[in-house]
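What follows is a set of notes on a single structure, which appears directly below.
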């Protein structure tokens, strides 16, 4: 009888623990949120949003400033964090999340968060330059074989 009660108690704890991680307020989801905050996901999201808005403003100078300010009021760093929670929940176990939290709380993790915006910017620039060189190389080879490229006027081949 004692053994049955003990087994039932253990089973109840396991089921309750599993259910806690699936509920909206489960510990795993709280830890995912914590991780995304440590990673500065909200600030990164705001930067991406600002870049997109700046592009719209340049393309549409006739739109009044008040329109853009109205949008700004609807966006918050927390909204970007919340956007990421279910995605991280889908791809990482709770153990993974705890490990990542440990990393982002470490000096190296904090350094990564600090330099990541510059890393991303520099990688984007390097990628763009690489793409331009590749496009030129392809275009030069096509021209050498007698093909006309879109930039040389006619996009139809030989």
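Taken together, the values in this text are just the output of simple stated rules run on the coordinates, not laboratory data. These numbers were taken from a predicted model, which means no experiment stands behind them. All Cβ positions, even for glycine, are placed from backbone atoms using ideal geometry, and neighbour counts span all protein chains on display.
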Checklist entry - Points 7 angstrom from Cα along the Cβ direction at residue 82 and residue 51: gap in nanometres? => result 2.5 nm
Next on the checklist: Could you work out the pair-distance distribution P(r) of the range 39-158 from its alpha-carbon pairs, with 5 angstrom bin width and percents rounded to whole numbers?
Outcome noted: 2, 9, 11, 12, 13, 12, 11, 10, 9, 7, 4, 1
Checklist entry - Taking a quarter of the surface of the Cα convex hull of the range 25-105, what do you get in nm²? => result 6.2 nm²
Next on the checklist: Between residue 137 and residue 60, what's the calculated FRET efficiency when r is the beta-carbon distance and R0 is 22 Å? Round to 0.05.
Outcome noted: 0.05
Checklist entry - Which FRET efficiency, nearest 0.05, do residue 74 and residue 148 yield, Cβ-Cβ r, R0 41 Å? => result 0.25
